[in-house]
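Heads up, the thing below is written out as structure tokens.
The values are calculated or read from the model by the stated rules, or taken from the named source; none is laboratory data. From a predicted model like this one, the values you see are computed outputs, not experimental measurements. So basically every Cβ, Gly included, is an ideal-geometry build from the backbone, and we count neighbours across all protein chains shown. In case anyone asks, the SASA skips ligands and DNA or RNA and just uses the protein heavy atoms, side chains included. Shrake-Rupley method; radii C 1.70, N 1.55, O 1.52, S 1.80 Å.
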Amino acid sequence: QVQLVESGGGLVQPGGSLRLSCAASGTPFSIDVMGWYRQAPGKERELVASITRGDSTNYADSVKGRFTISRLNAKNTVYLQMNSLKPEDTAVYYCNVVTAIIVVTYWGQGTQVTVSS
């Protein structure tokens with residue numbers, strides 16, 4: 001059974017920082033890409049950042065220079081360090097993994113990030 005366990009969301013003031021974590025287990029094949037998406041109320045889900053097994057990264061323009069994605073392959077874990085948070089970063093953040101060989105996408109349950117004073 002595939003599980004993606006997310007942690008690290010919460011309430012933070014503008015300019016603050018949060019670190020999200022997602023640990024994946026039970027995937028039938030090795031994990032190729034790991035990433036984070038977010039969905040704000042009334043908006044579509046959008047890519048925040050992704051990272052390949054070889055550590056190539058991709059970021060949404062809105063988070064470049066503020067967010068950093070990293071992963072620990074030995075533990076199938078991906079992290080998202082979020083700095084200089086803005087109210088517009090408020091959303092539910094979802095972990096996403098894509099397996100290699102046979103491409104299957106898995107999603108976490110989501111963790112709420114609220115940036116407000």
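Brief remarks on what is shown
- For the chain: relative contact order, % (alpha-carbon pairs under 8 angstrom, 6 or more apart): 36 percent
- Three-way shape label, the range 26-65, alpha-carbon gyration tensor, a/c 1.5: oblate
- Apportionment of accessible area to carbon and sulfur, the chain, percent (1.4 Å): 49 percent
- 18 Å reach of a label modelled at LEU11, 7 Å along Cα-to-Cβ, counting backbone N of the range 75-117: 85-93, 111-117
- Across the range 78-117, the mean sequence separation of Cα contacts (distance under 8 Å, 6 or more residues apart), normalised by length, yields a relative contact order of 44 percent.
- Average accessible surface for the chain: 52 Å² per residue, computed with a 1.4 Å probe over protein heavy atoms with every protein chain in place.
- For LYS43, the lysines whose Cα comes closer than 26 Å to its Cα, not counting residues fewer than 8 places off in the same chain, are LYS64, LYS86.
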